[in-house]
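S.K.: One structure is given below, represented as structure tokens, and several questions about it will come after.
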Amino acid sequence: MKNSGMDRSRDLFHLPPQNEIRRSFESFIKVSASRDTDGVMLTDTKISCIYTRDDVNYFLKWSKGSNSVSIFRFEDGQWIPEEGEAHSRFPIKIFSQKQIFNLAKNPNTLLRLIDESSTVGFQQWKMEWEDKRSHFQTLCSQRRELQSKLSNKNLLQGQLADVEQKIKTIEKSGHTEILKSYQHYRAKRTIVSQVELDVEKLKEEFESAMNSVVLPVIELTSFNKQIDHEQEVYAKIESLIKSTSTFKESVNKALKTVGDELTSFKQWYGSSSFNQAHISVDAEYNKLIEDLQSKGVSSPADYARLIGDRETINQSLKDMEVIEGKVSEFTALINDAYQEIIKCRQGLTVNRINFIKQYLTGNTSIQVDITPFSDLVDLESSFRSILGRSDNAFSAEIFDLDRECGFLFDLNKELSNIRKDSDLSDLKLWLDKVHNFKQNIFNFNTGAALNTRARSRTLP
């Protein structure tokens, strides 16, 4: 009854399904259909208790229908509903001798009790852990998206080699100078056009940003100008706001200058000697193509297309270089995020060890030791959840406690064999073992994972 009323029943569901305490509670909590069936509950059963903390009375009411605990606080002669979970707000636990005996069979049960202490602060830690893990996964996802854009790089490099070869073949046809001049001016005209587009895009982006900017305002009624120090604050804020308006005007003026410069450049370029030379080369090239076609030679007409193809491929490869730079940046961010995850997980174990040192050292009734990162209960299931293989396939290769084999068993054995008097302040020895294992596991097909070569099979 006390487990339900204080919302402690969820503690029991962390126990293995075959645990006697859990089975007894599950049998107890059922709605009884008859005298011969399990369960002592009715569909409308309610369990309530009053909990006093810091001279404040709380009324906790559990109902079978909702299977949840409602919280009320006594104030001014009435019970006022409150938010929150009874499980976390009122972490009181009452155990019988039988329950203590059965709970002791599962070391993780005591560990969860330790986690609920203020020293460990597991709920706060879990929020931080989920945040860091989510950040890490987001960065990995963004990097994969960028890497997918690089998948055609080898294909483009091969296409570029073919195009280059075709261009060389045409240039050797006896009209090298005209073709090279055409290629020369075409490439530089592409650069000029790209600069014009980039400047226009930059101008439009700044204009869009300026149009969406909302200048700060000050309400006249916010300050009393009759009071000297409030008048002083008002004047300073007014000056600051004026500076933002001046800044916006300066940016708009600069954008107009850029626009005028771009228009002036286009007008100048149209009549420049460079552009006139380009027009002349285009005319010579077009005349050459006409002459060759009149003689039945059609292949040089592909020259312009090939030049265009080369420019397109080169631009794509340049874009990929930018993406490769971003991938490197994301890799650095991912490494930093991974280190934050390690530090976060390290902190949990250190806090647990500190709890034991603070509260249980010298206690003759309870003796608890923590071997960092050596949870045999959840080791295999957590690893398999990552692989997406929740079955028992490849148990000999992954983990088999009865036969004492599998690379997870070997890892756990190595972690457990680290001397207990080693420095527990930073867990470096244990973290190094885990890190080496992670590096090796990616080479599982080579048998490098903790000397499993002799018995390894390829995972699907």
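S.K.: Somewhere in segment 24-41, is a residue within 27 Å of residue 115 (Cα to Cα), among the hydrophobic types (A, V, I, L, M, F, W, C) and at pLDDT below 80? Please lay out each step first, then the result.
M.R.: First pass over segment 24-41, keeping only residues within 27 Å of residue 115 (Cα to Cα): 24-26, 29.
Those still in the list that are among the hydrophobic types (A, V, I, L, M, F, W, C) too: 25, 29.
Subsequent filtering for residues that are at pLDDT below 80 retains 25, 29.
Scanning segment 24-41 turns up at least one residue that is within 27 Å of residue 115 (Cα to Cα), among the hydrophobic types (A, V, I, L, M, F, W, C) and at pLDDT below 80.
S.K.: Somewhere in segment 154-163, is a residue at positive phi, open to solvent by less than 80 Å² (accessible area, probe 1.4 Å) and modelled with pLDDT under 90?
M.R.: Checked segment 154-163: no residue is at positive phi, open to solvent by less than 80 Å² (accessible area, probe 1.4 Å) and modelled with pLDDT under 90.
S.K.: Counting only residues that are open to solvent by 60 Å² or more (accessible area, probe 1.4 Å), under 18 Å from residue 18 (Cα atoms) and part of a helix (DSSP H, G or I), how many does segment 79-109 have?
M.R.: Here the count works out to 4.
S.K.: Being without any contact (Cβ under 8 Å) to a residue 40 or more places away in the chain, within 30 Å of residue 26 (Cβ to Cβ) and of a type in the set (A, V, I, L, M) is the filter here; which residues of segment 61-85 pass it?
M.R.: 71
S.K.: If you don't mind, another one. Mind checking whether some residue in segment 227-236 is within 21 Å of residue 202 (Cα to Cα) and among the hydrophobic types (A, V, I, L, M, F, W, C)? Give the derivation first.
M.R.: So in segment 227-236, the residues within 21 Å of residue 202 (Cα to Cα) come out as none.
The answer is no, given that none of the residues of segment 227-236 is within 21 Å of residue 202 (Cα to Cα) and among the hydrophobic types (A, V, I, L, M, F, W, C).
S.K.: Here is a follow-up. Within segment 335-373, can you find the residues that are of a type in the set (Ser, Thr, Tyr) and either farther than 16 Å from residue 438 by Cβ or without any contact (Cβ under 8 Å) to a residue 40 or more places away in the chain (or both)?
M.R.: As a first pass, look at segment 335-373 and keep what is of a type in the set (Ser, Thr, Tyr): 338, 349, 359, 361, 364-365, 371.
Across segment 335-373, the qualifying residues are 349, 359, 361, 364, 365, 371.
S.K.: Residue check, residue 349 against (1) surrounded by 14 or more Cβ atoms within 10 Å (Cβ to Cβ); (2) within 19 Å of the chain's Cα centre (by Cα), all met but one. Which one?
M.R.: The single condition residue 349 does not satisfy is (2).
S.K.: Using the structure shown, decide if residue 173 is modelled with pLDDT under 90, closer than 30 Å to residue 349 by Cβ and either open to solvent by 50 Å² or more (accessible area, probe 1.4 Å) or in a loop (DSSP other than H, G, I, E, B) (or both).
M.R.: Values: modelled with pLDDT under 90: yes; closer than 30 Å to residue 349 by Cβ: no; either open to solvent by 50 Å² or more (accessible area, probe 1.4 Å) or in a loop (DSSP other than H, G, I, E, B) (or both): yes.
No; evaluated as a whole, the condition is false for this residue.
S.K.: Could you pull out the residue among 258, 251, 192, 213 that is under 30 Å from residue 305 (Cβ atoms) and either open to solvent by less than 70 Å² (accessible area, probe 1.4 Å) or touching a strand residue (DSSP E or B) at 6+ places or on another chain (Cβ under 7 Å) (or both)?
M.R.: On the way: 258 fails: under 30 Å from residue 305 (Cβ atoms); 251 fails: under 30 Å from residue 305 (Cβ atoms); 213 fails: under 30 Å from residue 305 (Cβ atoms).
Among 258, 251, 192, 213, only 192 is under 30 Å from residue 305 (Cβ atoms) and either open to solvent by less than 70 Å² (accessible area, probe 1.4 Å) or touching a strand residue (DSSP E or B) at 6+ places or on another chain (Cβ under 7 Å) (or both).
The values are calculated or read from the model by the stated rules, or taken from the named source; none is laboratory data. Small disclaimer: the values here were computed from a predicted structure and weren't measured. Heads up, the Cβs are rebuilt from the backbone with ideal geometry, glycines too, and the neighbour counts pull from every protein chain shown. For accessibility, only protein heavy atoms count, side chains too; no ligands or nucleic acids. Shrake-Rupley method; radii C 1.70, N 1.55, O 1.52, S 1.80 Å.
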